[in-house]
Amino acid sequence: MENWDDYRLLLAVQQSNSIRAAGERLGVNHSTVSRRMQSINQNHPFKVFETTASGIEITEYGAVLLQTAHKMQDLMAEQARTLASQDFSQSGAVSLSLPPAILQFLLLDELALFQQQHPDIRLTVFTSYDFANLDSGEADVVIRVSNDPGDELVGHRVFPIQVGYFASREYLANTPPEQRVWITGANSDWVKNTPFAELPVRYLVEDLVTRHTMAAKGLGMIRGACYIAEHYPELVPVIDEFTPFQDLWVLTHPELRDTHRIKTVMQFLLGVLRKKNG
């Protein structure tokens, strides 16, 4: 294959489980993906893609082309980092990846202020609890909540996220201690190490913010983040015991650390977040 778009299609198919999902990754409709796959198959001596009962699969011949596709992707990501690290201008685009709750409860208003103060920096924000891959160019700056943020990145530890046990004031007043229940994520093993290990888990809810909202509505107790709980007037600590959970970090790729606009974004984030902890 000589066309980079064909290699991108190959990568999208590998990373997806359907033609429709591959199209969403590429920003095209599924019929376009299907036509291009047929064209690629016709232009090679052996099939690159084949349809099976479990979906679209890459053939053994296609797997050889896929190795080249990954090398090209790595080279393009390296080129993008190299270009981004050259401080051609103090203006430009910066992509930021951070957890949704951090944006909602700690940075939403402040990022609007940043854009007012730095109109020449085009800030693109991606929210996810998954870690963005800076080597692949998925983000320029990341905010991570982790005790192991990645040795390959550079940046600053901001502060530890404090957690405690919370419930609504009304729930604690009206529900006898032995009848209270937990609201947790899928992993609830930590419950047995709490002062309330005997209480059952009633609700399994993966979304962090939703768990706080449910507790505020009187559906049970949570182990919650203090920075989120303080935004819910109904929530109060079950006991006055707060512990550090994981550290908050502001990080970037080593090749981007000296880029002016990257430093501007990181310094702003550090300043804002440290004030929040103060």
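The values are calculated or read from the model by the stated rules, or taken from the named source; none is laboratory data. Everything numeric here is computed off the predicted structure, so don't read it as measured data. Virtual Cβ from ideal backbone geometry, glycine too; neighbours counted across all protein chains shown. Heavy atoms of the whole protein, side chains included, go into the accessibility calculation; ligands, DNA and RNA do not. Shrake-Rupley method; radii C 1.70, N 1.55, O 1.52, S 1.80 Å.
GNM remark for the chain: springs join alpha carbons under 10 Å apart, and the peak mean-square fluctuation among ALA77, ALA53, ALA139 falls on ALA53.
Only Cα pairs under 8 Å and at least 6 apart count here; give the relative contact order of the range 173-259 as a rounded whole percent.
Details: 71 pairs, mean separation 21.8, N = 87.
Relative contact order of the range 173-259: 25 percent.
Can you pull out the GluC sites (Glu not before Pro) in the range 100-199 whose DSSP state is coil and whose Cβ has at most 11 other Cβ atoms within 10 Å? Answer by residue number: GLU152, GLU198. Say the dipole of the range 166-278 comes from +1 at the beta carbon of Lys and Arg and -1 at that of Asp and Glu; which of VAL191, THR213, GLN267 then lies farthest toward its positive end? Checking the options against the dipole of the range 166-278, the answer is GLN267.
When the accessible area of the chain is split by element with a 1.4 Å probe, what percent falls to carbon and sulfur?
Details: 7340 of 15390 Å².
Of the solvent-accessible surface of the chain, carbon and sulfur hold 48 percent.
Solvent-accessible surface of protein heavy atoms, probed at 1.4 angstrom with all chains present, puts ASP140, ASP5 in the order ASP5, ASP140, largest first. Heavy atoms of the protein chains alone define the surface here; on that basis the chain has 55 Å² accessible area per residue at 1.4 Å probe size. Given their separation in residues at 0.36 nm each and the Cα-Cα distance between them, GLU110 and ASP240 gain 43.8 nm when the chain is fully extended. The dipole here belongs to the range 64-171: it is taken about the Cα centre, uses +1 on the Cβ of Lys and Arg and -1 on the Cβ of Asp and Glu, and is about 140 debye.
Under a Gaussian network description of the chain, with springs only between Cα atoms under 10 Å, the residue in PRO149, PRO100, PRO200 that fluctuates furthest is PRO200. Can you list the aspartates and glutamates whose alpha carbon is less than 18 Å from that of LYS276, not counting same-chain residues fewer than 8 positions off? By straight Cα distance, LYS276 reaches ASP109, GLU110, GLU230, ASP247. Rounded to the nearest 20 debye, the dipole magnitude of the chain is 480 debye, with +1 charges on Lys and Arg beta carbons, -1 on Asp and Glu beta carbons, and the Cα centre as origin. Listed by chain and number, the lysines whose alpha-carbon sits under 18 Å from that of LYS47, ignoring those within fewer than 8 places in the same chain, form an empty set.
Run down the lysines and flag those whose C-alpha is under 18 Å from the C-alpha of LYS217, throwing out any fewer than 8 positions away in its chain. Answer for LYS217, where 18 Å is the Cα cut-off: none of the lysines qualify. The simple Förster model, with R0 at 30 Å and r as the Cβ-Cβ distance, assigns VAL201 and ALA93 a FRET efficiency of 0.10.
Among the helices of the chain, those built from whole DSSP H runs whose Cα atoms reach 27 Å or more along their own axis and whose mean Kyte-Doolittle hydropathy is at least -0.5 are 60-85.
Distance distribution note for the chain: the fraction of Cα pairs above 32 angstrom is 45%. Counted residue by residue at 0.36 nm each, then reduced by the alpha carbon distance between them, the extension gain from ALA80 to HIS260 reaches 63.2 nm.
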